[in-house]
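Everything on this sheet refers to the single structure shown next.
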Amino acid sequence: MSHNTPTPQRRARLAVIYGFVSSRHWTFKVGALLLAAVLAMVFFAPWIAPYDPGAQNLIHRLQPPSASHWLGTDHLGRDVLSRLIVGGQFTVTVAAITVVFSLVVGTLIGVIAGRVGGLVDEVAMRVVDLLISVPDVVVAIFLIGVFGSNYFTLILSLTLVGWTPFARLARALAKEVNSREYIRAAEVLGMRRSFVIFRHIIPNTIRPIAAVSFLRFGHKLITVGGLSYLGLGVQPPNPDWGLMLAEAQPYLERVPLLMIAPGAVIFIAALSVTWMGHGMEIERRRTGKQDKS
């Protein structure tokens with residue numbers, strides 16, 4: 001058998017992957033394609049960036065696009081394309097870690113509150129109501145002012161408020177699952193509360209929470225980019241999409257591409273995850289209607 005001939009196991013895996021992708025809503029497919037392109041650009045940045053993103057050449061500053069510099073150069077003669085490719089690492093990493101932490105914390109708190117009920121539920125929801133009214137940017141600005149701008153401070157500040165939407169959704173889903181027959185059967189059999197939560201309730205909340213996590217990821221991308229734009233994220237001379245927007249603002253009329261390029265990348269990255277989340281939510285509602293019918 002040729003080494004290039006796929007084995008039955010490999011063909012089965014490919015069929016499952018193809019079936020999953022082909023059955024998704026078109027918004028999910030387009031969003032996944034855009035996100036894959038952005039992530040490939042970010043993670044392979046050291047190998048695909050044509051120039052050192054920090055290399056300055058004042059003689060060739062503010063150059064228009066050319067064969068040597070596809071997106072031109074900035075006010076310090078640095079290659080815009082290289083800085084654009086490398087600049088997404090900070091924004092994407094902070095946004096991804098923040099969403100993961102927020103998802104884990106919020107899901108656990110929401111599921112426990114919805115399952116236990118009573119005083120635990122009341123206290124948890126009052127805390128959620130309090131924090132959800134505070135913009136995460138305000139919390140980030142306060143903590144950055146106290147502890148300085150770094151990965152830890154940004155992730156902590158965005159997670160302190162970011163878990164609340166997940167908690168509210170997880171609580172509602174947990175209360176819905178609590179009314180099902182197999183939960184009552186597990187209680188009658190004397191199964192531990194922790195076993196019921198992790199074996200039955202949390203698995204039934206994964207799909208809708210995953211859809212929300214994509215939407216929140218897009219929100220965090222814009223938030224982190226906005227903080228860098230305000231000078232509270234990545235500090236010069238390190239490249240970052242939000243910082244590139246701020247540096248390009250004085251040259252908007254002369255070289256508008258300096259501002260259009262990073263703005264377009266932020267928009268595409270946020271749009272990709274938003275479409276993926278929208279597509280997953282459509283599939284979830286469609287599946288729910290089929291199950292009821």
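Quick notes on this structure:
- Search result, residues across segment 226-262 that are closer than 14 Å to D79 by Cα and either in contact with a His (Cβ under 6 Å, 6 or more places away or on another chain) or aromatic (F, W, Y) (or both): W241
- Residue count for segment 131-157 satisfying the condition of being within 18 Å of the chain's Cα centre (by Cα) and either part of a helix (DSSP H, G or I) or more than 23 Å from G106 (Cα to Cα) (or both): 10.
- For the residues P262, P237, the requirement of being outside any helix (DSSP H, G or I) and either under 30 Å from V30 (Cβ atoms) or in contact (Cβ under 8 Å) with a residue 60 or more places away in the chain (or both) singles out P237.
- Looking across segment 224-234, the residues that are surrounded by fewer than 24 Cβ atoms within 10 Å (Cβ to Cβ) and part of a helix (DSSP H, G or I) come down to G226, Y229.
Residue by residue, here is whether (1) within 20 Å of the chain's Cα centre (by Cα); (2) within 24 Å of L143 (Cβ to Cβ); (3) in contact (Cβ under 8 Å) with a residue 60 or more places away in the chain holds:
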residue	(1), (2), (3)
F198	no, no, no
I201	no, no, yes
G231	no, yes, no
A246	no, yes, no
P256	no, no, no
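- Flag for V111 being in a helix (DSSP H, G or I), aliphatic (A, V, I, L, M) and modelled with pLDDT of 90 or more: no
- Residue that is nearest to V177 (Cα to Cα), among those in segment 89-123 that are in contact (Cβ under 8 Å) with a residue 60 or more places away in the chain and among the hydroxyl-bearing types (S, T, Y): T107
- Screening L71 with (1) buried (at least 22 other Cβ atoms within 10 Å of the Cβ); (2) within 21 Å of V265 (Cα to Cα); (3) out of contact with any Asp or Glu (no Cβ under 7 Å at 6 or more places or on another chain) gives one miss only, at (1).
- So V94, is it part of a helix (DSSP H, G or I) and surrounded by 15 or more Cβ atoms within 10 Å (Cβ to Cβ): yes
- Tabulated pairs, segment 44-58, first closer than 16 Å to Q89 by Cβ, second of a type in the set (A, V, I, L, M, F, W, C), C-beta under 6 angstrom, 6+ apart or interchain: A45/I85; A45/V86; A49/I85; A49/V86; P53/V86
- Subset of segment 246-259 [of a type outside the set (A, V, I, L, M), in a helix (DSSP H, G or I) and farther than 14 Å from Q63 by Cβ]: E247, Q249, P250
- Scope segment 162-176; condition of a type in the set (A, V, I, L, M, F, W, C) and either buried (at least 21 other Cβ atoms within 10 Å of the Cβ) or touching a Lys or Arg at 6+ places or on another chain (Cβ under 7 Å) (or both); matching residues: W163, F166, A167, A170, L173, A174
The values are calculated or read from the model by the stated rules, or taken from the named source; none is laboratory data. For clarity, every value in this text was computed on a predicted model and none was experimentally measured. A quick note on method: Cβ atoms are made from the backbone with ideal geometry, for glycine too, and the neighbour counts reach across all protein chains shown.
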